[in-house]
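The values are calculated or read from the model by the stated rules, or taken from the named source; none is laboratory data. Since the model is a prediction, treat every value here as computed from it, not as a measurement. Positions of Cβ are generated from backbone atoms using ideal geometry, with glycine treated the same way; all protein chains shown enter the neighbour counts.
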Number of protein chains: 2
Amino acid sequence: MLTLYDNHLSGNGYKVRLLLSQLEIPFTVIWLDILNGETRTPAFLKLNPNGRIPTLADGDFILPESNAILCYLAENTPYLPAGQQEKARVLQWLFFEQYSHEPNVATVRHWLAHLGRRPDDPQILERQKAGNAALDLMEDHLGSRPYFVGDRYSIADIALYAYTHVAHEGGYRLENRPAIRAWLARVADQPRHIAMVGDCGSPISGSR
Amino acid sequence: MLTLYDNHLSGNGYKVRLLLSQLEIPFTVIWLDILNGETRTPAFLKLNPNGRIPTLADGDFILPESNAILCYLAENTPYLPAGQQEKARVLQWLFFEQYSHEPNVATVRHWLAHLGRRPDDPQILERQKAGNAALDLMEDHLGSRPYFVGDRYSIADIALYAYTHVAHEGGYRLENRPAIRAWLARVADQPRHIAMVGDCGSPISGSR
């Protein structure tokens, strides 16, 4: 049985739970309270010295980094194309997500929605500028295709959906981005899609 | 023939040139001046809408994101392990590099060494704190193993070497990190290792 260390508010954790749901792989969730230091305890740092969720335990094999977990679980499934170029294209978007999207779209959401920082904070305005550039690039890309890679739903879509569909919580506007909105609807319409836990207010499973 | 769009000062570009050298794959370099806007021209944005180097052209297949390029080139070579868990472990460190290391270690180096920002700039001090945490985690990990994954040199080492070996240019100290220093020496001692272009002052090949 897989065990996922996760947090209710994390889009990075949600990515993994969404893929596990779609792969119909059973798992146990251990919810950790980030704001209360539960990812910085000696016991958790022994599992993941970087002190972050999500962290997956597959028996003795402990794997952090949400997008590495997606690749690990999706290998040899329809969610990660097998062809060399398509697989590289998926990785391109996974690295884009972690470098150009998450630090701006997700971090600003966290600062505004969870930590109560002021919207006119210069650091927030700077990150929003970069986040809007990432969203513009996604809008252009999706203007001519249904999904990020190879006209097929993949973990590239899962990774980018996680924080894009709650981007409004970080002060981002999607009204003028119709291609992203249509893509969000297509992703939400996939078989065995689940809502982000933070949205529905209750964990899908799990123990403490 | 592969074509690599690159910049002399970029560690992200250096990663790709180092792997290509070690794989003995011939390639052409097109050097672009980032500070002079050459990655923001209409022609380059048509190749890579994100306007960043490195970008690899393998015929008509255009691939940005340095770590996605490493995976693309290393697949089915000794530089990327084939086993599911070891491959996931390599990806874990590649995502760690782009999320926890590069934005702090590389960006501070760029601000200090190339843009002439002041070392006491609060934004620099904040990033150095995160960069030092990343270096501490690497030091702990390397304290008991020769390379990042599976006791063997891989693209995880290449990705992390690129900016770690010039971390001093960003105000980081390696004197108290003996495991990192021993690992840097092991990496530099690999067959067909090349120096970063910025270090030796001349491109290894290339045209404009």
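Overview of results
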read-out	value
Hits in region A:53-72 - residues which are out of contact with any strand residue (DSSP E or B) (no Cβ under 8 Å at 6 or more places or on another chain) and either more than 9 Å from chain B (Cβ to nearest Cβ) or not hydroxyl-bearing (S, T, Y) (or both)	A:G59, A:D60, A:F61, A:E65, A:N67, A:A68, A:L70, A:C71
Filter result for B:A195 (surrounded by fewer than 18 Cβ atoms within 10 Å (Cβ to Cβ), among the small types (G, A, S), at pLDDT 95 or above and outside any helix (DSSP H, G or I))	yes
Hits in region A:1-59 (condition: buried (at least 23 other Cβ atoms within 10 Å of the Cβ), among the β-branched types (V, I, T) and without any contact (Cβ under 8 Å) to a residue 60 or more places away in the chain)	A:V16, A:I53, A:T55
Cross-chain or 6+ apart pairs with Cβ under 6 Å, region B:97-110 first and touching a residue at least 12 places away in the same chain (Cβ under 8 Å), then of a type in the set (D, E) and assigned to a helix (DSSP H, G or I)	B:R109/B:E169
Count of residues meeting criterion [part of a helix (DSSP H, G or I) and either more than 8 Å from chain A (Cβ to nearest Cβ) or under 24 Å from B:D33 (Cα atoms) (or both)] in region B:98-122	16
Scan of region B:127-145 for residues that are buried (at least 20 other Cβ atoms within 10 Å of the Cβ) and not in a helix (DSSP H, G or I), ordered by number	none
Answer from B:L2, B:L9, B:L20, B:L45 - the residue that is at pLDDT 95 or above and out of contact with any Leu (no Cβ under 8 Å at 6 or more places or on another chain)	B:L45
